[in-house]
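Colleague: My questions will all concern the structure given below.
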Amino acid sequence: MSNNHLLETAYEEEFYFQWHITNECNLRCKHCYHDNYLDDSLKLDQLIKIGNHLCDAAKKWGKKASFSLTGGEPFTNPENLFAILELLETRNVDRIDILTNGFLIDEEIINRLKKFKKLRRIQLSLEGLKETNDRIRGDGSFDKTIKIIKLLKDHSFTISIMMTIGKHNKDEVIPLAKELKVLNVDTFILDRFIPEGQSQNKKDWLLSPEEIKNVYSEAYNYFQNCLKPRFLLYRTLFCLLNPDDPHIGAICSVGNNAVTIMPNGDVLPCRRLPIKIGNLLEETIYKIWYTSPLLWEMRNPKNLKGKCNNCEHIPICRGCRAMAYAITDDYFETDPQCWK
Amino acid sequence: MKKYILVENIILKFDEVSNRYYAFCISTGDHFILTKSGYFILEFLEMGKDINEIISFVHKNENIDLDTCKRDTLNFINKSEKIGIISILKEEQKNDKKEHN
């Protein structure tokens, strides 16, 4: 009998919590994966209890806790956000990211953020150049985001920009990357558009495997000669570009070393895989992590179907289960955008 | 012989991917990696099987003599009780007290 404190099913050093602290949002982006924007946040004492519990769990598992705090828009309730930051700053947390549209960030907020040593980066979003971005995120949103990037960089924050790619913006990856370089943005993240939540009727935005291949390849080649921003691909498939380059992406973390916590305490395997596996007001994260049938199914690559089953890239890929679920209703099906 | 049950917050799990047997505590997060025999000993205890029956099962599945098997099985059960994976059935505890008195 061994009481090895490593959680055997999680082989990464880090445990990642993506915590949506509110659904409330000041924007209504057309590609958004949220299905409601009601302010149904938990009370602060409940949030603090959950935060402490998650930190305890990471400690128990011998993992570095990493948090992304987001929403909705997390700055719609700054008091809750700052109280959680205060808590995480004092706990066994390795790093904190804030995923925000940035529109509510001002000098006062910036001065409050500065004291958090564990705040690694602030992630904003742009969906292309001005016209395309504003069509998706709202009029004037491109200029506002650029202004916020400049303000945050003036105060030496680390900034990443996420772009969610679909048919509507696939030709603007490199032009946007060039603009971000001028702004000294640190990381440029490409994510794949998944039609769900507000955007579930936008399946025509989905790129074909060939189109994804072209966008990824073009971006990968461009960033080979570009020190900054750093290029990062979310949602797997990056291994098809260069399986020997571990720096451009990460294996899907579902069932491995991450969970998503929703504003009401519901736990999802991933924000883009909207299947509830528990609720932190009713049960421990341990119970969810150790007993969720979905998580155990996900941990077993034998369950993968189609092209993903027996693929030589299984150790570093497995495709995006959320994409498979959104398109086929079966999260074990082939990643619909895989071009292999 | 005493009768044992799994402590309420303990669950047993075989993971096909790692080919490992676990006991998980869903309240404290503790987890223990078990041998196959250890896993089945705990499962059989939970099912209410008699300890002699369990020893006989382990003996059939391990290449060891009966005395060693008995000693190891009882040691395992004692250790499992000490670290809080199993506990003595309440009725058994009452019987124990009666015997002491």
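The values are calculated or read from the model by the stated rules, or taken from the named source; none is laboratory data. Remember, predicted model here, so these are calculated numbers, not experimental data. Note that each Cβ is placed from the backbone with ideal geometry, even for glycine, and that neighbours are counted across all protein chains shown. The protein model used for the area step is the full one, side chains on, heavy atoms only, and it has no ligands, DNA or RNA in it. Shrake-Rupley method; radii C 1.70, N 1.55, O 1.52, S 1.80 Å.
Let's see how each residue does on (1) assigned to a loop (DSSP other than H, G, I, E, B); (2) touching a His at 6+ places or on another chain (Cβ under 6 Å); (3) more than 14 Å from chain B (Cβ to nearest Cβ):
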position: A:Ile288; (1), (2), (3): no, no, no
position: A:Leu295; (1), (2), (3): no, no, no
position: A:Lys307; (1), (2), (3): no, no, yes
position: A:Ala326; (1), (2), (3): no, no, yes
position: A:Asp330; (1), (2), (3): yes, no, yes
position: A:Thr334; (1), (2), (3): yes, no, yes
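Colleague: So if I check each of A:Ile84, A:Ile109, which one is more than 17 Å from A:Ile189 (Cα to Cα), open to solvent by less than 10 Å² (accessible area, probe 1.4 Å) and not in a loop (DSSP other than H, G, I, E, B)?
Modeller: Matching residue, one of A:Ile84, A:Ile109: A:Ile84.
Colleague: Can you pull out the residues in the range A:172-185 that are in a helix (DSSP H, G or I) and either at pLDDT below 95 or over 18 Å from A:Lys30 (Cβ atoms) (or both)?
Modeller: Selection gives A:Val173, A:Ile174, A:Pro175, A:Ala177, A:Lys178, A:Glu179, A:Leu180, A:Lys181, A:Val182.
Colleague: Hey, could you check the range B:16-29 for residues that are at the interface with chain A (Cβ under 8 Å from one of its Cβ atoms) and either modelled with pLDDT of 95 or more or open to solvent by less than 10 Å² (accessible area, probe 1.4 Å) (or both) and say which is farthest from A:Ala57 (Cα to Cα)?
Modeller: That would be B:Arg20.
Colleague: Looking at the range A:309-320, can you tell me whether even one residue there is open to solvent by less than 30 Å² (accessible area, probe 1.4 Å), within 11 Å of chain B (Cβ to nearest Cβ) and either of a type in the set (Val, Ile, Thr) or outside any helix (DSSP H, G or I) (or both)?
Modeller: No, that holds for no residue.
Colleague: If you check B:Ile86, B:Ile41, B:Ile51, which single one turns out to be crowded, with 17+ Cβ neighbours inside 10 Å, at pLDDT below 95, in contact with a strand residue (DSSP E or B) (Cβ under 9 Å, 6 or more places away or on another chain) and among the hydrophobic types (A, V, I, L, M, F, W, C)?
Modeller: Answer to the selection: B:Ile51.
Colleague: Here is a further query. Of all residues in the range A:233-262 being in a loop (DSSP other than H, G, I, E, B) and in contact with a helix residue (DSSP H, G or I) (Cβ under 6 Å, 6 or more places away or on another chain), which is farthest from A:Ile174 (Cα to Cα)?
Modeller: A:Gly255
Colleague: I've got another one for you. Quick one: A:Gly306 ticks every box in (1) more than 26 Å from B:Tyr21 (Cα to Cα); (2) touching a Leu at 6+ places or on another chain (Cβ under 9 Å); (3) at pLDDT 95 or above except a single one, so which number is it?
Modeller: With respect to (1) more than 26 Å from B:Tyr21 (Cα to Cα); (2) touching a Leu at 6+ places or on another chain (Cβ under 9 Å); (3) at pLDDT 95 or above, A:Gly306 is out only on (2).
Colleague: So which pairs qualify, if the first residue must be in the range A:275-289 and in contact (Cβ under 8 Å) with a residue 60 or more places away in the chain and closer than 25 Å to A:Ala324 by Cβ, the second must be outside any loop (DSSP other than H, G, I, E, B) and among the small types (Gly, Ala, Ser), the Cβ gap must be under 9 Å, and the two must be at least 6 apart or on different chains?
Modeller: Partner pairs satisfying both residue conditions: A:Trp289/A:Ala57; A:Trp289/A:Gly278.
Colleague: Tell me the residue from B:Asn75, B:Asn9, B:Asn61 that is touching a Ser or Thr at 6+ places or on another chain (Cβ under 8 Å) and exposed (fewer than 13 other Cβ atoms within 10 Å of the Cβ), please.
Modeller: B:Asn61
Colleague: I'd like the full set of residues that are more than 11 Å from A:Asn101 (Cα to Cα) and part of a strand (DSSP E or B), limited to the range A:120-167.
Modeller: Correct list: A:Arg120, A:Arg121, A:Ile159, A:Ser160, A:Met163, A:Thr164, A:Ile165.
For every residue, the table says whether it meets (1) free of Cβ contacts under 8 Å to residues at least 40 places away in the same chain; (2) surrounded by fewer than 19 Cβ atoms within 10 Å (Cβ to Cβ); (3) over 17 Å from the mean Cα position of the chain (by Cα); (4) within 14 Å of chain B (Cβ to nearest Cβ).
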site: A:Cys252; (1), (2), (3), (4): no, no, no, no
site: A:Val259; (1), (2), (3), (4): no, no, no, yes
site: A:Leu273; (1), (2), (3), (4): no, no, no, no
site: A:Met298; (1), (2), (3), (4): no, no, yes, yes
site: A:Ala322; (1), (2), (3), (4): no, no, no, no
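Colleague: Here's another thing I want to ask about it. Mind listing whichever residues of the range A:23-77 are assigned to a helix (DSSP H, G or I), open to solvent by 20 Å² or more (accessible area, probe 1.4 Å) and over 24 Å from A:Thr284 (Cβ atoms)?
Modeller: Passing the criteria: only A:Thr76.
Colleague: Might you let me know whether the range A:114-122 holds any residue that is aromatic (Phe, Trp, Tyr) and surrounded by 17 or more Cβ atoms within 10 Å (Cβ to Cβ)?
Modeller: The answer is no, given that none of the residues of the range A:114-122 is aromatic (Phe, Trp, Tyr) and surrounded by 17 or more Cβ atoms within 10 Å (Cβ to Cβ).
Colleague: Could I ask something else about it? Those residues that are more than 16 Å from A:Cys270 (Cβ to Cβ) and among the basic types (Lys, Arg), I need them from the range A:282-340; list them, please.
Modeller: The answer is A:Lys287, A:Lys302, A:Lys305, A:Lys307, A:Lys340.
Colleague: From (1) buried (at least 18 other Cβ atoms within 10 Å of the Cβ); (2) in contact (Cβ under 8 Å) with a residue 60 or more places away in the chain, pick out the condition that doesn't hold for A:Asp94.
Modeller: Against the list (1) buried (at least 18 other Cβ atoms within 10 Å of the Cβ); (2) in contact (Cβ under 8 Å) with a residue 60 or more places away in the chain, A:Asp94 comes up short only on (1).
Colleague: Cβ contacts < 6 Å: first residue closer than 23 Å to A:Trp339 by Cα, restricted to the range A:192-208; second residue open to solvent by 30 Å² or more (accessible area, probe 1.4 Å) and among the hydroxyl-bearing types (Ser, Thr, Tyr), any location; separation 6+ or different chain. Result?
Modeller: These pairs meet every condition: A:Glu196/A:Tyr33.
Colleague: What's the number of the condition A:Glu282 fails, among (1) in a loop (DSSP other than H, G, I, E, B); (2) more than 14 Å from every other protein chain (Cβ to nearest Cβ); (3) open to solvent by 30 Å² or more (accessible area, probe 1.4 Å)?
Modeller: With (1) in a loop (DSSP other than H, G, I, E, B); (2) more than 14 Å from every other protein chain (Cβ to nearest Cβ); (3) open to solvent by 30 Å² or more (accessible area, probe 1.4 Å) applied to A:Glu282, the lone miss is (2).
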